[in-house]
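Working notes, structure below.
The values are calculated or read from the model by the stated rules, or taken from the named source; none is laboratory data. If you're wondering where the values come from, they're calculated on a predicted model, not measured in any experiment. For neighbour counting, all protein chains shown are included, and Cβ atoms are generated from backbone atoms with ideal geometry for every residue, glycine included.
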């Protein structure tokens, strides 16, 4: 019996201390940053979809009409910024087609702090791109957008270099 208590008590103390909610109220906890990340906003095959640098986490996801969105979380202030639409995908614009989640954005931050996202591709559109010698045609178009200022997610410009 003593052996059981020697094992049980420390484990219970660890469990209860991990569940502590001291100094945390419901109003202080941020549970989400967006209400427009429908269905499959991110995926493991399109990655990375987030970067952490200088105490800020940047995340990219596919939002309404399959367009890319970016938000950021400042770990010091515990505040979200955004989300901001970072580009326009040709996916999701034809109401006769199903939602196509294959154009989710990926993200990198370069050495100068510019945030790059790549999004929108799913095999290409035959009418826009011609024959695809590597596989079938689906829809979409690979696109590249970059933040207009380093570490700033509010304004983006498209680059025609994918």
Six or more apart or on different chains, Cβ under 8 Å: which pairs go from a residue in the stretch 51-62 that's without any contact (Cβ under 8 Å) to a residue 12 or more places away in the chain to one that's assigned to a strand (DSSP E or B)? Could you list them? 52/58
Quick check: anything in the stretch 64-77 at pLDDT below 80 and in contact with a helix residue (DSSP H, G or I) (Cβ under 7 Å, 6 or more places away or on another chain)? no
Residue 85 at pLDDT 60 or above, touching a strand residue (DSSP E or B) at 6+ places or on another chain (Cβ under 8 Å) and more than 18 Å from residue 149 (Cβ to Cβ): no
Those residues of the stretch 118-162 which are modelled with pLDDT under 95 and crowded, with 19+ Cβ neighbours inside 10 Å amount to 118, 119, 120, 121, 122, 124, 139, 140, 143
Would you be able to say whether some residue in the stretch 97-104 is under 30 Å from residue 160 (Cα atoms), part of a loop (DSSP other than H, G, I, E, B), out of contact with any helix residue (DSSP H, G or I) (no Cβ under 6 Å at 6 or more places or on another chain) and at pLDDT 80 or above? yes
